[in-house]
Amino acid sequence: VTNNTITTLGAAVNTAGMVDISSTSLSTGNLVNLETTTALSTGRVLNVSSTSTALTTGNLVRLEWVPGSSTTATTGDLFQINLGSNGTLASGNLLNILDSSSSIFSVSETAMTTSLPSNFTAAGDVSIAYDINFTNQTASYIKSSGPFYLEAGESFESNDLGLMQVYRLPLPDS
């Protein structure tokens, strides 16, 4: 885009596409802007859909950044979802990944929810601000593959470590 003019529309880098938009001169700004007025009440600004039964190795959408050298660095986000200061979701999510119309991962204004087992494979600590609630009423476990320690509070504090509200605790045999 030079002076708000598309330098190439059509037969660009990907000549197999129906519409290719390419620019070698864009250094700031946006290559494509999709905007709507305040009148949009239903529908979508962008709708990508396919009924293809032949899609086996391709992608419906691909977002990729391949810098020309390993010294390229950015301080921005590669993908960003923003709900403006006047936006409020009465229901729904900022992001919702579905499998056959069932949510498997969603992010709302107040929570991240997943119906999948989660793995945190990076070395380091996991911090949780409040409670952990195990909701399986059959059994819940905390397991360790090595030594296991429970510490309450900071080293300079004197905090209790308590076992609270144990119901029907079996009594040891006399």
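No value in this document is a laboratory result; all are computed from the given coordinates. This one's a predicted model, so the numbers in the text were calculated from it and none came from an experiment. Counting neighbours? That spans all protein chains shown, and the Cβs are built from the backbone with ideal geometry, glycine included.
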Which whole-Hz ³J(HN,Hα) couplings does region 100-113 yield from phi under the Karplus relation 6.51 cos²θ - 1.76 cosθ + 1.60, θ = phi - 60°, glycine and proline marked x? 6, 6, 9, 5, 10, 7, 9, 10, 10, 6, 10, 7, 10, 10
Between the modelled labels at Ile21 and Ala90 (7 Å from Cα along Cα→Cβ) the distance in nm is 3.2 nm
Among region 43-58, those whose backbone N falls under 20 Å of a label point 7 Å along Cα→Cβ from Ile81 are 43-50
What is the calculated FRET efficiency for Ser70 to Thr138, with r their C-beta to C-beta distance and R₀ = 45 Å, to the nearest 0.05? 0.35
Normalised by the residues of the chain, what does the relative contact order come to in percent, with Cα pairs under 8 Å and at least six apart? 7 percent
I need two numbers for the chain: Rg to one decimal and Dmax as a whole number, Cα atoms only, in Å. 25.9, 90
Two-site FRET efficiency, Tyr130 against Phe156, from Cβ-Cβ distance with R₀ of 25 Å, rounded to 0.05: 0.65
So Ser50 and Ile97, fully extended at 0.36 nm per residue minus their Cα-Cα distance, gain in nm 15.3 nm
Once amide hydrogens are built 1.01 Å from N within the peptide plane, the residues lying 5 or more places from Leu94 or on another chain with amide H under 5 Å from its amide H are Val107, Ser108, Glu109
Using a Gaussian network model on the chain with a 10 Å cutoff between Cα atoms, which of Ser158, Ser70, Ser91 fluctuates the most? Ser158
